[in-house]
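Comments concern the structure below.
Bear in mind that the values in this text are calculations on the coordinates, not laboratory data. Computed from a predicted structure; not experimentally measured. Cβ placement follows ideal geometry from the backbone for every residue including glycine, while neighbour counts extend to all protein chains displayed.
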């Protein structure tokens, strides 16, 4: 079920949103998947078949060469990382919340409907590839629950395709995720993107998280330090110096514009005229529909 039941609470929020549990561990996984595409390849031959990244909180996300990926080395794995794997993970979490069970049948029709595509051979092939990537990922993450730290590790999920059905089984990490608190995700989040649009998908989730966390603040205009966004996207100071800050100003401005289709108003609040002003910039954001819903809770 989508979020149509929320109409009784507030008319502005309709079935254009879905509720997804989005805690610190989920955001660490998203950050890790996004950074795998640009991960440094291991210098030691002992680890030539495994790609490893650490998040800014020093949590570990890794993916290894396996038969199901049909690749020969980690360089080929990096080319397979794309936005649709993050989108798929978010839909799986939505499904898990609905089923309240770590094992369930994946609703292909509903997922493809969210993406605006049909069940065709090429789309099923891509879905299988995305599931193969997610099932090849292992995590070692320290999370927090009710003020206490806990550690999760192991594979994200496993899956089987039997006939026209896909059976999903999430890893033990899901046992620590509370299904009741949720973040609303606009259905436009799921539209297909090019491979290089991973930062856009990540940024959408970051602002969804921020809007939920800060919805009840008195001010209508919320502010986040730009460096927070850069770190989440894995954009280093070295990369900015190499490409030039103007390149990234244009990149972020384009992403802010595209996120307007999800109901966000995002813009640089401070003037940017050099490298340092770019790093220290402040970004204003709001999503009126989300704010009104969360305030009504």
Mind giving me the nanometre distance, one decimal, between the label points for residue 165 and residue 122, set 7 Å out from Cα along Cα→Cβ?
3.0
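What translational diffusion coefficient, to the nearest whole µm²/s, does the chain have by Stokes-Einstein, given a Kirkwood radius computed over alpha-carbon pairs, a temperature of 4 °C and 1.567 mPa s viscosity? Don't jump to the answer; show the numbers that get you there.
On the way: Rh = 20.2 Å.
Estimated via Stokes-Einstein, D reaches 64 µm²/s.
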Please list, short to long, the whole-number percent of alpha-carbon pairs of region 186-296 in consecutive 5 angstrom bins beginning at zero.
2, 11, 23, 24, 19, 13, 6, 2, 0, 0
For the chain, calculated [θ]222 nm from helices alone, where every DSSP H run of n ≥ 4 adds -39500 (n - 2.57):
-12000 deg cm²/dmol
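Quick one: compute the contact order of the chain, relative version, from alpha carbon pairs under 8 angstrom and 6+ residues apart, as a percent.
On the way: 442 pairs, mean separation 59.2, N = 297.
Answer for the chain is 20 percent.
Between residue 102 and residue 280, what FRET efficiency follows from the Cβ-Cβ distance if R0 is 51 Å, with the result rounded to 0.05?
Once the sixth-power term is evaluated, E becomes 0.75.
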Normalized C-alpha radius of gyration of region 23-181, against 2.2 N^0.38 Å?
1.04
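If each residue of separation counts as 0.36 nm, what is the full-extension length gain between residue 223 and residue 56 once their alpha-carbon separation is subtracted? Working shown, then result.
Numbers: separation 167, 0.36 × 167 = 60.12 nm, distance 2.07 nm.
Result for the pair: 58.0 nm of gain on full extension.
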Take the alpha carbon atoms of region 78-157, find their center, do the same for region 19-40, and report the distance between the two centers in whole angstrom.
11
Using r as the Cβ-Cβ distance of residue 176 and residue 38, and R0 as 35 Å, what FRET efficiency do you calculate, to the nearest 0.05?
0.75
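Taking 8 Å as the Cα distance limit and 6 or more residues as the minimum spacing, I'd like the relative contact order of region 186-296 as a percentage. Walk me through the numbers before you get to the answer.
Details: 109 pairs, mean separation 39.8, N = 111.
The value is 36 percent.
Give me Rg over Rh for region 89-232, both radii from the alpha carbons and Rh done the Kirkwood way, two decimal places.
Details: Rg = 16.9 Å, Rh = 17.3 Å.
Rounded to two decimals, Rg/Rh equals 0.97.
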